[in-house]
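The values are calculated or read from the model by the stated rules, or taken from the named source; none is laboratory data. All values derive from a computational prediction rather than experimental measurement. In this analysis, Cβ positions are derived from the backbone assuming ideal geometry, glycine residues included, and neighbour counts consider all displayed protein chains.
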Amino acid sequence: MESRKGTLVARGVVHTGRILRLEVDRVKLPGSHTIDMEIVRHPGSVVLLPIPEPGAIILIRQYRYTIDRWIWELPAGSLKPGENPDEAAARECEEEIGLAPGKVTRLRGYYPTPGFCDELMTYYRCEDLRAPAPGSAAQKDDDEEIEPHTFTLDDARALVASGEIVDLKTLAGLTLV
């Protein structure tokens with residue numbers, strides 16, 4: 001396998017938002033031509049596999065404005081600046097399904113859209129789920145309308161087969177349990 005890489009010639013920041021930054025990099029490719037590449041810079045995210053008992057998983061039903069529909073998906077969330085992903089997984093679990101994990105296991109990470117985005121989604125198995133500690137500050141984000149529901153793994157996979165799960169992070173995550 002060849003290990004040649006592109007070389008950054010110039011970088012411009014087009015937009016910096018709450019979750020991401022859009023850059024345009026002028027890049028000299030290994031084949032010696034130069035192009036502009038639009039890149040979405042993302043701090044990374046955690047994707048949760050909340051397992052309330054063997055053979056079951058908690059999915060959330062959430063409204064996604066971008067596609068203007070409600071979908072079933074695995075709970076997930078973006079990392080806050082400087083946040084440890086392991087700690088983010090526990091925080092997101094509590095925020096999104098209302099249960100705190102007693103055990104959090106890092107599984108692996110995937111780049112969902114490496115053609116234009118550097119987001120790394122790191123998957124975590126969350127077990128020994130329990131009520132949050134008294135005084136917990138965990139709360140869902142302002143843009144979230146979330147309904148958690150426990151499914152058997154077979155029922156969750158049937159949602160994939162029927163086309164009701166349209167979210168690739170969830171499809172990938174269900175292969176890890």
> Does Glu83 meet the test of being in a loop (DSSP other than H, G, I, E, B), acidic (Asp, Glu), out of contact with any Cys (no Cβ under 6 Å at 6 or more places or on another chain) and over 22 Å from Leu174 (Cβ atoms)?
Replying inline: yes
> Out of (1) in contact (Cβ under 8 Å) with a residue 40 or more places away in the chain; (2) outside any strand (DSSP E or B); (3) in contact with a helix residue (DSSP H, G or I) (Cβ under 7 Å, 6 or more places away or on another chain), what's the single condition that is false for Leu176?
Replying inline: (3)
>> Would you confirm whether or not segment 130-144 contains a residue that is of a type in the set (Asp, Glu), surrounded by 13 or more Cβ atoms within 10 Å (Cβ to Cβ), within 26 Å of Ala56 (Cα to Cα) and modelled with pLDDT under 95?
In response: yes
>> Just the residues that are touching a Lys or Arg at 6+ places or on another chain (Cβ under 7 Å) and surrounded by 14 or more Cβ atoms within 10 Å (Cβ to Cβ), please, taken from segment 89-104.
In response: Glu95, Glu96, Leu99, Ala100
> Quick check: is even one residue across segment 96-114 within 19 Å of His42 (Cβ to Cβ), touching a residue at least 12 places away in the same chain (Cβ under 8 Å) and assigned to a helix (DSSP H, G or I)?
Replying inline: yes
> Across segment 2-19, what is the total count of residues that are outside any loop (DSSP other than H, G, I, E, B) and farther than 13 Å from Val40 by Cα?
Replying inline: 4
> How do the pairs read when you match residues in segment 53-82 that are farther than 23 Å from Leu153 by Cβ with residues anywhere that are charged (D, E, K, R), using Cβ under 6 Å and keeping only pairs 6 or more apart or on different chains?
Replying inline: Tyr63/Glu145
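Take the conditions assigned to a strand (DSSP E or B) and touching a Phe, Trp or Tyr at 6+ places or on another chain (Cβ under 7 Å) and apply them to Leu129. Does it pass?
no
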> Residues of segment 20-46 being part of a loop (DSSP other than H, G, I, E, B) and either exposed (fewer than 14 other Cβ atoms within 10 Å of the Cβ) or among the hydrophobic types (A, V, I, L, M, F, W, C) (or both), which ones?
Replying inline: Leu20, Leu29, Pro30, Gly31, Ser32, His33
>> Tell me the residue from Thr122, Thr152, Thr175, Thr113 that is surrounded by 18 or more Cβ atoms within 10 Å (Cβ to Cβ) and closer than 22 Å to Ile71 by Cβ, please.
In response: Thr122
>> Could you check segment 145-159 and list, in sequence order, the residues that are at pLDDT 95 or above and not in a strand (DSSP E or B)?
In response: Leu153, Asp154, Asp155, Ala156, Arg157, Ala158, Leu159
> Is it the case that Leu49 is in contact with a Gly (Cβ under 8 Å, 6 or more places away or on another chain), within 25 Å of Glu145 (Cα to Cα) and of a type in the set (A, V, I, L, M, F, W, C)?
Replying inline: yes
>> With the requirement that a residue be part of a strand (DSSP E or B) and exposed (fewer than 13 other Cβ atoms within 10 Å of the Cβ), what does segment 55-80 give you?
In response: Arg69, Trp70
